[in-house]
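The values are calculated or read from the model by the stated rules, or taken from the named source; none is laboratory data. Only a predicted model underlies this, so the values are computations on that prediction, with no experimental measurement involved. Note that each Cβ is placed from the backbone with ideal geometry, even for glycine, and that neighbours are counted across all protein chains shown. To get the accessible areas, we keep the full protein, side chains included, count just its heavy atoms, and leave off ligands, DNA and RNA. Shrake-Rupley method; radii C 1.70, N 1.55, O 1.52, S 1.80 Å.
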Amino acid sequence: MSGANARFLKSIEPISSFTLPKSERPDYLAPRSWALYPETKPDGAWETPWGVDVFFIHGTTSASSDGWNTNIDNVDSKLRLQSEMLPNFAGPFQKFAPVYAPLYRQVTLHGEYNINENSQKAFKLAFDDIDSAFQVYMETRNQGRAVILVGVGQGGLYARRLLKKQFQTDQMQNRLVATYLIESPTSEKLYSNKNSPFEICSTDEQTGCIASWNTINENDVARTKNILSRAVYWDEANNIAPTGDAKLICFNPSMGNTTTELIGEKLHRGSVNASELLQLDEAEIVENAISSQCVNGFLVVSHTKNQSLNTPPNSLARMLAPPYNLFYSDLAHDAAKRARITSAWLDKYGAKPAPPLPPIERIEIAPINKIEKILGTE
């Protein structure tokens, strides 16, 4: 990591050791504990077509030095979440499916780049929040529906552990459309071995697979080093460990696979800078804006003339997910296609859960009369 970046991270280092955040664990039965939460409960899996939900785990939105985890009511963090993270990275999925995005006590930026005893505890606390949110979602809203799992930045780390913990049965694996790990460095070794029930998305019609990518501009050495310095995974003891020099998964959203060929601008469906937009429909889609190519585990993208799709060259900007989505339309197309394939397969082969029983009807108790009274012989 460059000296400037190291100095910046040092400037936001928490002044004390790990302590529990001031805010209590969010109550995920309450809609206020979710950044995105559908107002009405979607149809259950007993309906046709088989429904699909999106469980979205946002990335780092806090550069605070106030502790190792960020309180969910942190003003700056919530502003960046609502104005940048959700419009650009949850937006593509909102076009075709209900999206559930829990608020959680994320690890602060310093902790994400400095793995030590304090950050280990911070990551485990953040995952506990995500795990609780997912369990509440499954118990109260899922209704047997298929799931797209999405994690951005550090959110991808929690998505990977959710896969390991919550998607181990055949039933859950059959209902997994895909897992998208956006700007979240993920080692190929995790999913290329025979012991993993999940494969890397190598075709655009594959389901239940892993799609992960990290974008860099050509010769952007600083961003490359930033990505590698936060490339971590959960080891067998569920501790955070560095990925080291393991090759990262590189999925190209424009093609829906892991090709290493150069994909020209004509095949690019569209970028979007949706930051600070109140309505996603207002986002201007910039088609044919970039070429892209997987090179040594990184998705190298060409420079674009559109000024809204360029990252300011400062330490904070390089360490966070970009405030725009270069593959907005490509991602929406890819995820919707896999959702349709999964839904059709489940409609044909899946075990449909029974619909809920109708409400219990109250029946008035009839009065009991003696036969003698009825006959008048009493």
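Inspect all residues belonging to segment 59-77 and state whether any of them is without any contact (Cβ under 8 Å) to a residue 40 or more places away in the chain and either touching a Lys or Arg at 6+ places or on another chain (Cβ under 9 Å) or open to solvent by 50 Å² or more (accessible area, probe 1.4 Å) (or both). The answer is yes, given that some residue of segment 59-77 is without any contact (Cβ under 8 Å) to a residue 40 or more places away in the chain and either touching a Lys or Arg at 6+ places or on another chain (Cβ under 9 Å) or open to solvent by 50 Å² or more (accessible area, probe 1.4 Å) (or both).
Do we find that A332 is over 27 Å from V99 (Cβ atoms) and open to solvent by 10 Å² or more (accessible area, probe 1.4 Å) in this structure? In short, no. Scanning segment 48-58 for residues being open to solvent by 10 Å² or more (accessible area, probe 1.4 Å) and either modelled with pLDDT under 90 or within 19 Å of R25 (Cβ to Cβ) (or both) gives a total of 0. Filtering segment 312-342 to residues that are out of contact with any Phe, Trp or Tyr (no Cβ under 8 Å at 6 or more places or on another chain) and part of a helix (DSSP H, G or I) leaves A317, R318, Y328, S329, D330, H333, D334, K337, R338, R340, I341.
Going by what's in this entry, would G111 be described as under 15 Å from the mean Cα position of the chain (by Cα), in contact (Cβ under 8 Å) with a residue 24 or more places away in the chain and open to solvent by less than 10 Å² (accessible area, probe 1.4 Å)? So that I can check it myself, show each step before the final result.
Working: under 15 Å from the mean Cα position of the chain (by Cα): no; in contact (Cβ under 8 Å) with a residue 24 or more places away in the chain: yes; open to solvent by less than 10 Å² (accessible area, probe 1.4 Å): yes.
When the stated conditions are applied, G111 does not pass them.
Of all the listed residues (L176, L163, L181), the sole one being out of contact with any helix residue (DSSP H, G or I) (no Cβ under 6 Å at 6 or more places or on another chain), farther than 26 Å from D27 by Cβ and either without any contact (Cβ under 8 Å) to a residue 60 or more places away in the chain or open to solvent by less than 30 Å² (accessible area, probe 1.4 Å) (or both) is L176. Residues in segment 19-63 that are small (G, A, S) and under 19 Å from the mean Cα position of the chain (by Cα): S33, A35, G51, G59, S62.
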